[in-house]
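The structure is given below, and queries will be raised subsequently.
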Amino acid sequence: MNERKKIIGMSGVTSGGIAISSTPLFAQSLGKEGAEPGKKYKMGIVGCGNRSKTIIGALNSVPEIEIAALCDIVEHKMGQRAELIKDGPKPQFYNDMKEMLKRDDLDAIAVITPNYTHKELVIAALEAGKHVFCEKPMALTVADCNEMIGAVQRSHKSLQIGTQRRHSNGYKLLVETIRTKIEGKILHSDLFDYRGDWRVPAPDEYPKGVGYWRLDQSKSGGVAYEMGAHIIDVNNWVFDSEPISVSSIQGINDPTLRKRDSMDHAGILVRYANNALMNYGGNVYNYGASAEDTFFGVNGSVQMGKGVITVNYGYPNGFKDPAELPKPETIPLPGGGDGVVEELKHFALVLAGKAKAYPDGYIARQSIQILEGSVRSAKERREIDVDELG
């Protein structure tokens, strides 16, 4: 059994035939097999690593969902995560997801595993008749996203991707501000992700011989996937347009970091169908610097950072400003966390048949078009047309 199969605890999952639809964004439906309203929904969690602590903590605030099962190949991690669950019976433990999927009483599966395992686990859960919540990024390639969307269509189950900023009060306010305060088209964005190197895993976190996946480019996708997936998704939300081409420079630049072949820095330029341009930069060797994400419009700009949203108004040089040009505005960001609790509350509504998955596979695939395109552009040293990716 190879390393990937060991990590995901499966050895016989296949995806079957694929049918990719032109269904518009936001149009993914539950079909006729939507979960019964009014019940408490049972969820199995696959992957008990570091991120699962945040998801379990958030689910403690979502009483409609009961964590009924945990699955991981590291036995004691399931015990540690079970201790974080505040209410309800103790979940059953599984070392093999195939065995967990045999349970008829499970309504949903949460996939909280390394990036490169998402496609196979999500498809297996959908084909077993479960709704799925999958952590970001959706997958590592557009082709994998297409297979996952095909499984959604065949199964008539829902797939929601965990880019939680879509449910964050702060980012909702950002998008609302851009939509309502700035007249005219948004032309350009400057976006940034600066952080320190990835955390050092606990000594008992992985089986002997299994390395830390974030340091492996083929398993993590590098800094663009690991960090950029969040703000790039927000940019897609703001621009409300399809990405059409991607250019990027990425590499391994800081010799003081742990040995890796995953990219430690990335610069990405994206052209959208509406001709707007996104400029993204990220690295994992930051020691305290910060930058504000900025969206430039025809008649003003919006920045988000340091706890506020700032709006500035104006007209290009050579054009007379209107008599009553609005004064700059500073809008405090609301509280309410980063959106993890709210995204899981929304998923509970999906399970009840009262809402569609958001973001769904179609929305999440746009970010993967950019991320996969950026890695290919950096490796091939050329601009990548999104149509090349399938």
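Taking interchain pairs and intrachain pairs at least six residues apart, which have beta carbon atoms under 8 angstrom, with the first residue in region 40-53 and over 15 Å from Ala128 (Cα atoms) and assigned by TED's automatic domain parsing to the domain that holds Glu205 and the second crowded, with 18+ Cβ neighbours inside 10 Å and β-branched (Val, Ile, Thr)?
No pair meets every condition.
Check off (1) more than 26 Å from Met278 (Cα to Cα); (2) at pLDDT 95 or above; (3) not assigned by TED's automatic domain parsing to the domain that holds Ile161 for His346 and give me the number that stays unchecked.
(3)
For region 54-66: of the residues being touching a residue at least 40 places away in the same chain (Cβ under 8 Å) and part of a loop (DSSP other than H, G, I, E, B), which is surrounded by the fewest Cβ atoms within 10 Å (Cβ to Cβ)?
In this case the residue turns out to be Ser61.
Of Ile368, Ile384, which residue is at pLDDT 95 or above, under 24 Å from Asp293 (Cα atoms) and of a type in the set (A, V, I, L, M)?
The conditions single out Ile368.
Considering region 43-80 alone, what residues qualify as being more than 22 Å from His167 (Cα to Cα) and in contact with an Asp or Glu (Cβ under 8 Å, 6 or more places away or on another chain)?
Selection gives Val46, Gly47, Cys48, Gly49, Ala68, Cys71, Val74, His76, Lys77, Met78.
Give the residues of region 218-253 that are touching a helix residue (DSSP H, G or I) at 6+ places or on another chain (Cβ under 8 Å) and either part of a loop (DSSP other than H, G, I, E, B) or farther than 25 Å from His188 by Cβ (or both), sorted by residue number.
Correct list: Ser218, Lys219, Ser220, Gly221, Gly222, Glu242.
Okay, moving on. Quick check, is Ser247 of a type in the set (S, T, N, Q), outside the structural domain of Thr54 (by TED's automatic domain parsing) and in contact with a strand residue (DSSP E or B) (Cβ under 6 Å, 6 or more places away or on another chain)?
Here the answer is yes, as Ser247 does meet what is asked.
Still on this structure: If only one of Ala355, Ala364, Ala348 is crowded, with 16+ Cβ neighbours inside 10 Å and free of Cβ contacts under 8 Å to residues at least 40 places away in the same chain, which one is it?
Step by step, each of Ala355, Ala364, Ala348 is checked, and only Ala355 is crowded, with 16+ Cβ neighbours inside 10 Å and free of Cβ contacts under 8 Å to residues at least 40 places away in the same chain.
Further question on the same structure: Where residues in region 287-310 are under 26 Å from Asn275 (Cβ atoms) and outside any strand (DSSP E or B), which of them is modelled with the highest pLDDT?
The qualifying residue modelled with the highest pLDDT is Glu292.
Here's something else I'd like to know. Specify which of the listed residues (Lys5, Lys32) is at pLDDT below 95, assigned to a helix (DSSP H, G or I) and over 24 Å from the mean Cα position of the chain (by Cα).
Answer to the selection: Lys32.
List pairs: first residue in region 253-266 and over 18 Å from Leu371 (Cβ atoms), second residue hydroxyl-bearing (Ser, Thr, Tyr) and surrounded by fewer than 16 Cβ atoms within 10 Å (Cβ to Cβ) anywhere in the structure, Cβ distance under 8 angstrom, at least six positions apart or on different chains.
Cβ pairs passing all conditions: Asn253/Tyr285; Asp254/Tyr285; Thr256/Tyr285; Leu257/Tyr285.
Any idea which residue in region 190-233 is nearest to the chain's Cα centre (by Cα), counting only those that are small (Gly, Ala, Ser) and within 20 Å of Arg365 (Cα to Cα)?
The selected residue is Ala229.
Give region 190-217 a look and list any residue that's among the polar types (S, T, N, Q) and loosely packed, with under 12 Cβ neighbours inside 10 Å, or say none.
Once the filter is applied, which keeps residues that are among the polar types (S, T, N, Q) and loosely packed, with under 12 Cβ neighbours inside 10 Å, region 190-217 yields nothing.
Which of (1) within 20 Å of Leu344 (Cα to Cα); (2) polar (S, T, N, Q); (3) surrounded by fewer than 22 Cβ atoms within 10 Å (Cβ to Cβ) does Thr113 not meet, given it meets every other one?
For Thr113, the failing item is (3).
Report the residue count in region 139-176 for those that are touching a residue at least 24 places away in the same chain (Cβ under 8 Å), of a type outside the set (Phe, Trp, Tyr) and assigned to a helix (DSSP H, G or I).
Looking only at that region, the number is 23.
Against the condition on the phi > 0 side of the Ramachandran plot and modelled with pLDDT of 95 or more, how does Asp240 come out, does it pass?
Criteria met by Asp240.
Name the residue, out of Arg154, Arg179, Arg165, that is closer than 30 Å to Pro326 by Cα, among the basic types (Lys, Arg) and surrounded by fewer than 18 Cβ atoms within 10 Å (Cβ to Cβ).
Only one candidate qualifies: Arg179.
Further, regarding this structure: Give all pairs with beta carbons closer than 6 Å in which a residue from region 196-213 that is in a loop (DSSP other than H, G, I, E, B) meets a residue that is among the charged types (D, E, K, R) and surrounded by 13 or more Cβ atoms within 10 Å (Cβ to Cβ); count only pairs at least 6 apart in sequence or on separate chains.
Trp198/Arg214
Quick one: is Arg81 under 24 Å from Ile363 (Cα atoms), outside any loop (DSSP other than H, G, I, E, B) and at pLDDT 95 or above?
no
Right, another one. Being closer than 14 Å to Asn279 by Cβ and either surrounded by fewer than 23 Cβ atoms within 10 Å (Cβ to Cβ) or acidic (Asp, Glu) (or both) is the filter here; which residues of region 251-268 pass it?
Hit for region 251-268 is Gly267, nothing else.
The values are calculated or read from the model by the stated rules, or taken from the named source; none is laboratory data. Every value quoted in this text rests on a predicted model; they were computed, and no experiment measured them. As a convention, Cβ positions derive from the backbone with ideal geometry for all residues, glycine included, and neighbour counts pool all protein chains shown.
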